[in-house]
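Below: one structure, written as structure tokens.
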Amino acid sequence: MLELDDKPEIAAPSGVKPMTLQINEIFYSLQGESRTVGWPTVFVRLTGCPLRCSYCDTRYAYSGGESLSLDMILKQVAGYHAGYVTVTGGEPLAQPGCRALLAQLCNAGYEVSLETSGALTIADIDPRVSIVMDIKTPASAEAAKNYWQNIALLRPADQIKFVICDEQDYEWAKQMLVEHDLADRCEVLMSPVFGRLDGARLAGWVLADRLPVRMQLQLHKILWGDQPGR
């Protein structure tokens, strides 16, 4: 783990232009989802996404932001003195430099997670990274973009997430759980779309069917609503 005063540096060889990423925002908040829910975490949100999910709550990340070198990103992250870092988007893997960023964050001693849509390959991601991968449901309007080959690449330390819009989504997710033996591969999360599906209804379905999944709510939205940077 990083000491509070550590300042990770990444020096580019002389004459070589440093790798840059388009960063929408870097902010400090509580992790609202997944295995580390509740932990103070630095979020590095990359700009851009090839998907347009019906419930997307980060449309502002489709464009904009600023170009930052890996060194600049790590310096900003270090300034928050946190042990956990989440790389998110948009879709962070849409930028080729994302894998290098993940590796450098791990090298710096952080507990690193990646939030990804499941539409792009998760091959060749540093094994120290905990991957939280969506499987898009029909009501997301992007289920056709699920890259099913990713399932074979998941490890026990990773997590699969279904964001559930309605009962049809739930029944579909339940079918995928069985067809792909998802619970035997890694932990599976189910969460309701905030403001669209009552969490108690989803909880009732999960309990009635005795599903081997973790039901979750979005802590940050319960605390702060839809504020950006939370």
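Any read-out appearing in this document is the output of simple, stated calculations on the displayed coordinates, not a laboratory observation. If you're wondering where the values come from, they're calculated on a predicted model, not measured in any experiment. Here the Cβ positions follow ideal geometry from the backbone for every residue, glycine too, while neighbour counts run over all protein chains shown.
For L114, the criteria (1) part of a loop (DSSP other than H, G, I, E, B); (2) within 26 Å of W148 (Cα to Cα) hold in every case but one, which is (1). One residue stands out among those in the range 52-62 that are in contact with a helix residue (DSSP H, G or I) (Cβ under 9 Å, 6 or more places away or on another chain) and of a type outside the set (A, V, I, L, M, F, W, C): the one that is surrounded by the fewest Cβ atoms within 10 Å (Cβ to Cβ), which is R52. Counting only residues that are over 13 Å from the mean Cα position of the chain (by Cα) and among the acidic types (D, E), which one in the range 63-104 is surrounded by the fewest Cβ atoms within 10 Å (Cβ to Cβ)? Of everything passing the filter in the range 63-104, E66 is surrounded by the fewest Cβ atoms within 10 Å (Cβ to Cβ).
Do you know which residues across the range 55-74 are in a helix (DSSP H, G or I) and within 12 Å of E91 (Cα to Cα)? It would help to see each step written out before you state the result.
Taking the range 55-74 and keeping what is in a helix (DSSP H, G or I), we get 59-62, 70-74.
Hits for the range 55-74 are R59, A61, Y62.
Total residues in the range 92-138 satisfying the condition of being aliphatic (A, V, I, L, M), touching a helix residue (DSSP H, G or I) at 6+ places or on another chain (Cβ under 8 Å) and either within 20 Å of G79 (Cβ to Cβ) or touching a residue at least 60 places away in the same chain (Cβ under 8 Å) (or both): the figure is 7. Might you check whether a residue that is of a type in the set (V, I, T) and within 14 Å of the chain's Cα centre (by Cα) occurs anywhere in the range 135-148? Checked the range 135-148: at least one residue is of a type in the set (V, I, T) and within 14 Å of the chain's Cα centre (by Cα).
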